[in-house]
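Asker: Attaching a single structure in structure tokens format; questions to follow.
The values are calculated or read from the model by the stated rules, or taken from the named source; none is laboratory data. What you see is a predicted model, and the numbers here were worked out from it, not measured in a lab. Cβ sites come from the backbone with ideal geometry, for glycine too, and all protein chains shown count toward neighbours.
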Amino acid sequence: MAEAHRALERVAACPVCGAEQARPRFEIEGLAWRVVVCSGCGLGRPQPMPDAKEVRAFYEDDYYGEPGTKFQPVIEALVRWVGARHSAFLSRGLAAGGRVLDVGCGRGVVLGSLADQGFEVHGVEISAEAARGADPRAAIRIAPGLVEAGYPEAFFDEVLIWHVLEHLRDPRGTLAEARRILRPGGRLVVAVPNFSSLQARWTGAAWFHLDLPRHLYHFPLSALRDLLRGTGFAVDSEHHFSLRQNPFGWIQSVLNFFPRLQRDGLYRLLHRRSQGQPPPFDRRTRRRLWTWLLLGAPIALALTVLEVLLRSGATVHLVAHHDRTAPDA
Ligand SMILES: [Zn+2]
């Protein structure tokens, strides 16, 4: 496409490959940031990079929902069921009583499930508000970042960075710290939206998982692999199926092509509202959104299976281990 002819521009050094040049990819109506793509590794980012204050304004008070719950009850029950399956995956092969850290643990739903299985669970969270109402068995530290949380070296058997890395200003520093606090051979599980997926490429600026400007970096799968290797991890497996993320991403990304349905409108509709707050949008828009959700679900599921077959999941999770033969990052 015309992309190759677009002028390179200077940006701050890429946290994956160090390149200082990027190409404009697209703009999103109503937002001050363009998405640019690293000339070296394809990592996407908003340009200019928003500062912490600007980003904070986009985490509305209800981003995390009421304590202990984030969605409407039916959706919440589904989220919890998927969560239980999820925690079984996370703990597969982990020795009994193992020590697990969830980075960006929020309200600690995953930690609660892992505690049920007898693991020693720890969490670090930037927002005290978000961690309110979390499972009391989870030892949660409130800190601006993983480094500041100050865990001892070789302390954990497993570290989870689940849909958090893309929110961080220093993903490389965070992974290096994760390696330091993992015991040699310990396991790391990282999930991110996949900027090189079919869903991302086909829907472009409408892609639901761009989530600007909360997502500061958009990782193509190859860039995530490079970053893991560069911080002393060896990748063991890559997973392209997520029932929780990927079908919904298809529906919402396609709906984002229709301005009448409001950007991320379906997500906002399903999101639990604070007590007494009226539902979003007018009745007609709400009915339209529910209809598209029901009609779109089977197609979205089929596309999600296609993504798995093509190893191109809209979100991916990688299992890696602390590689004791790699030099410290
Ligand atoms: Zn790069």
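Asker: Which condition does VAL235 not pass, out of (1) under 29 Å from ARG80 (Cβ atoms); (2) in contact (Cβ under 8 Å) with a residue 24 or more places away in the chain; (3) surrounded by fewer than 19 Cβ atoms within 10 Å (Cβ to Cβ), if it passes all the others?
Answerer: So VAL235 meets the others, but not (1).
Asker: I need the full set of residues from region 127-149 which are more than 27 Å from ARG92 (Cα to Cα), part of a helix (DSSP H, G or I) and among the small types (Gly, Ala, Ser), in order please.
Answerer: Those that are more than 27 Å from ARG92 (Cα to Cα), part of a helix (DSSP H, G or I) and among the small types (Gly, Ala, Ser): ALA128, ALA130.
Asker: On to the next question. Among the residues of region 26-36, write down those that are crowded, with 19+ Cβ neighbours inside 10 Å and free of Cβ contacts under 8 Å to residues at least 60 places away in the same chain.
Answerer: VAL36
Asker: Could you please find all residues in region 82-126 being at pLDDT below 90, surrounded by fewer than 19 Cβ atoms within 10 Å (Cβ to Cβ) and outside any helix (DSSP H, G or I)?
Answerer: GLY93
Asker: So in region 43-76, with the set limited to residues that are surrounded by fewer than 19 Cβ atoms within 10 Å (Cβ to Cβ), of a type in the set (A, V, I, L, M) and closer than 30 Å to GLN21 by Cβ, which one is modelled with the highest pLDDT?
Answerer: MET49
Asker: Are there helices (runs of 4 or more DSSP H) fully within region 180-259 with at least 1 residues that are under 29 Å from ALA326 (Cα atoms)? List them.
Answerer: Ranges flagged: 221-230.
Asker: Looking at (1) in contact with an Asp or Glu (Cβ under 8 Å, 6 or more places away or on another chain); (2) at pLDDT 95 or above; (3) surrounded by fewer than 20 Cβ atoms within 10 Å (Cβ to Cβ); (4) under 24 Å from ARG183 (Cβ atoms), which is the only condition GLU148 fails?
Answerer: So the condition that GLU148 fails would be (1).
Asker: Kindly provide the set of residues from region 16-42 that are touching a helix residue (DSSP H, G or I) at 6+ places or on another chain (Cβ under 6 Å), at pLDDT below 95 and either in a loop (DSSP other than H, G, I, E, B) or near the ligand (Cβ under 9 Å from one of its atoms) (or both), ordered by number.
Answerer: ILE28 - this is the single residue of region 16-42 that is touching a helix residue (DSSP H, G or I) at 6+ places or on another chain (Cβ under 6 Å), at pLDDT below 95 and either in a loop (DSSP other than H, G, I, E, B) or near the ligand (Cβ under 9 Å from one of its atoms) (or both).
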